[in-house]
Amino acid sequence: MTRSNSPLEGRPVPATRARLRSGKLLNLDSTHLSECTLYDLENGDIGIVVQDPDLPVPDRVLIDDDKELTRVFTEIRWRMGPYLFGMYLEPPVPVSKFQDT
């Protein structure tokens, strides 16, 4: 993950009609990291806002989307304080598939 020195350098662009929704950041072992706000990016990936701008976030996380009821494996590609840009590494999967295991 890279931290940008310039606020606009490599900054992802929100989609024209971004859907704001609640979510959760999880470690790869499914332990809870933080509540977050999710929004769509123009390129089809995901924007993430966490409450704590100093929250340590690993390069790869799981994201639970509370509105879509999905979980997705994501790589954090860019960060500026509480704003993170996540690139989907696979299609989202219904959260219910994880709860059954």
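Just so it is clear, none of the values below were taken in a lab; they were calculated from the coordinates. Note that this is a predicted model, so its numbers are computed, not measured. Because the Cβ atoms are built from the backbone with ideal geometry, glycine has one as well, and the counts that use them run over all protein chains shown.
Taking the Cα centre of segment 12-99 as reference, the dipole from Cβ charges on Lys and Arg (+1) and Asp and Glu (-1) amounts to some 180 debye.
Toward the positive end of the charge dipole of segment 12-99, with +1 on the Cβ of Lys and Arg and -1 on the Cβ of Asp and Glu, the farthest Cα among 34, 92, 50 is that of 92.
Here the gap between residue 51 and residue 96, fully extended at 0.36 nm per residue and compared with their Cα-Cα distance, gives a gain of 13.6 nm.
Rg over Rh for segment 12-99 works out to 0.92, both radii taken from alpha-carbon positions and Rh defined as the Kirkwood radius. Ranked for footprinting exposure by Cβ neighbours inside 10 Å, fewest first, 69, 84 give 69, 84.
Given their separation in residues at 0.36 nm each and the Cα-Cα distance between them, residue 89 and residue 75 gain 4.4 nm when the chain is fully extended.
Using a simple charge model, +1 on the beta-carbon of Lys and Arg, -1 on the beta-carbon of Asp and Glu, nothing else, what dipole does segment 42-85 show about its Cα centre, in debye to the nearest 20?
100
With 0.36 nm allotted per residue and the present C-alpha distance subtracted, the residue 43-residue 59 stretch has 3.8 nm of extension available.
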